[in-house]
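Notes for the one structure printed next.
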2 protein chains.
Amino acid sequence: MGSPSTATRVNSSRHRSRPVPETRYDRRLAEILTYATEVFCRKGYEGASMRDLSRESGMSLAGLYYYFESKERLLYLIQKHTFATIVQRLKSRLEGVADAEERIRIFILNHLEYFLANQAAMKVLSHEDEVLKNGFGAEVAAIKREYYRICVGLLDDLKRERGGQFSTRLAVLSLFGMMNWIYTWHNPRVDADAASIANEMGDIFLRGVMTTKGRREK
Amino acid sequence: MGSPSTATRVNSSRHRSRPVPETRYDRRLAEILTYATEVFCRKGYEGASMRDLSRESGMSLAGLYYYFESKERLLYLIQKHTFATIVQRLKSRLEGVADAEERIRIFILNHLEYFLANQAAMKVLSHEDEVLKNGFGAEVAAIKREYYRICVGLLDDLKRERGGQFSTRLAVLSLFGMMNWIYTWHNPRVDADAASIANEMGDIFLRGVMTTKGRREK
DNA sequence: ACTTAGTTCGAACGAACGTTCGAATTACCT
DNA sequence: AGGTAATTCGAACGTTCGTTCGAACTAAGT
């Protein structure tokens, strides 16, 4: 009988050594996660029912439970995947960049770009923050803490390099506020794209945080 | 038979002309709203059940419906009262202050002070933003828009008085982000009080938004 | 003491919730 | 073609949801 229902298997399928790293199962799960993300974004985690997910994804109610054992675990999968992706992209983008200000600008751009390209996922991430219970919540909280620490590091570097007497904690949390709040107002048909917004927010934030007036262009 | 269930009556009670403006009904309703705000804050609007409210407030499930006709109307009452209060306080604080920068600092302080003093209410306000349906939602959205317009006005004044080439819309929304995000992180036992935070956020934001370097003390 | 209006409650309603189960269907390997 | 494992589904489970109703209780005016 089937029913793995854990979504933790990676590639345990058949004795195939060919370079296709994705099982049918993985692909279908990812597809469902996309639908679920969109529905959670639109109706909220509590407000969205499993029947909504079923209708939207075209899979039967019972069928969904073949891929995860509970609604809470589904939210966990979404949050973990989203967060892990954004952290990993950030790290690769920061590689080889030394200038402190430039690194912060990269942080902002990476955050906003991913935020706007995956608005649904990020809204679920910011909005359904505290609903995961102890087991699942801890793991997501750990990734989030790592992301937060990275930003603290970037700002401390800037403080060391340039002047600036500010509380790093408050500065970081203010920056996150500026960026994350975007899910409440951004309208793709009216507002600029991620790069422009990242530039302007970067200007406001960096000018606000540094005493040294020097802003280098390019 | 009783059951007004509209919560719109103000003082239609008895032929009393004495200066007591509060009926028993009004007082009890306000009391219930306080409990409900706290529960909505802790479990979210969808996540909190009427039975939770009943247990927490000590009033029976059916008894609650004497004071409002639906759960949605309850949320509406909370949001409207909270928002109306903060706008009204802001207007009175701004009276007689002419300096553009000072007015923005007052705006920030007023927002954060009320936010931290009524964290539960404000979290419900920011977090349960889009759940009200067309009827109720429109009225709350109107107050919110007024609040937003006030802030836009303050910033345009600043732009006129000092320099600064920034998009007012993006600046205002960034400021709101900085301030509103506080509900996700502020811990009264660790973090500073509203006045200190307002000062520091004001520094970051105003320095970030102005080209003129001049910050006047006191 | 009696009346009346204002307030509270226990018990129940139908609907929707998350989840389960065994059977049916599909895809893959020999 | 036949067999085994992976996948999907209809139907139902017990629970909880928001809301309602009529009776009971309380406070106030005469």
*Select from the stretch B:161-186 the residues that are without any contact (Cβ under 8 Å) to a residue 40 or more places away in the chain and closer than 16 Å to B:Gly208 by Cα and list them in ascending order.*
B:Ser167, B:Thr168, B:Arg169, B:Leu170, B:Ala171, B:Val172, B:Leu173, B:Ser174, B:Phe176, B:Gly177, B:Met178
*Which of the residues spanning the stretch A:60-83 are of a type in the set (D, E, K, R) and either under 18 Å from A:Lys123 (Cβ atoms) or assigned to a helix (DSSP H, G or I) (or both)?*
A:Lys71, A:Glu72, A:Arg73, A:Lys80
_I want to confirm something. Restricting to the stretch A:151-191 and keeping residues that are small (Gly, Ala, Ser) and facing another protein chain (nearest Cβ under 8 Å), which single residue is surrounded by the most Cβ atoms within 10 Å (Cβ to Cβ)?_
A:Ser174
*Of all residues in the stretch B:192-202 being over 13 Å from A:Leu173 (Cα atoms) and surrounded by 17 or more Cβ atoms within 10 Å (Cβ to Cβ), the one that is farthest from the other protein chains (Cβ to nearest Cβ)*: B:Ala194
*Determine if the stretch A:92-101 includes at least one residue that is within 14 Å of chain B (Cβ to nearest Cβ), more than 8 Å from DNA strand C (Cβ to nearest atom) and under 30 Å from A:Asp156 (Cβ atoms).*
yes
*What number of residues within the stretch B:161-211 satisfy the criterion of being among the basic types (Lys, Arg), over 25 Å from A:His127 (Cα atoms) and not in a loop (DSSP other than H, G, I, E, B)?*
1
*Of B:Leu154, B:Leu158, B:Leu116, which residue is within 16 Å of the chain's Cα centre (by Cα) and in a helix (DSSP H, G or I)?*
B:Leu116
*Quick one: in the stretch A:56-90, which of the residues that are among the hydroxyl-bearing types (Ser, Thr, Tyr), within 16 Å of DNA strand D (Cβ to nearest atom) and loosely packed, with under 14 Cβ neighbours inside 10 Å is farthest from the chain's Cα centre (by Cα)?*
A:Ser60
*Does the stretch A:66-85 contain at least one residue that is among the charged types (D, E, K, R) and away from DNA strand C (no atom under 16 Å from the Cβ)?*
yes
_Among the residues of the stretch A:94-116, what is the count of those that are more than 15 Å from A:Ala198 (Cα to Cα) and of a type in the set (D, E, K, R)?_
2
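Just so you know, all these numbers are worked out from the coordinates, no wet-lab data involved. Not measured: the values here are computed from a predicted model. Don't worry about glycine lacking a Cβ; one is built from the backbone with ideal geometry, like all the others, and counts go over all protein chains shown.
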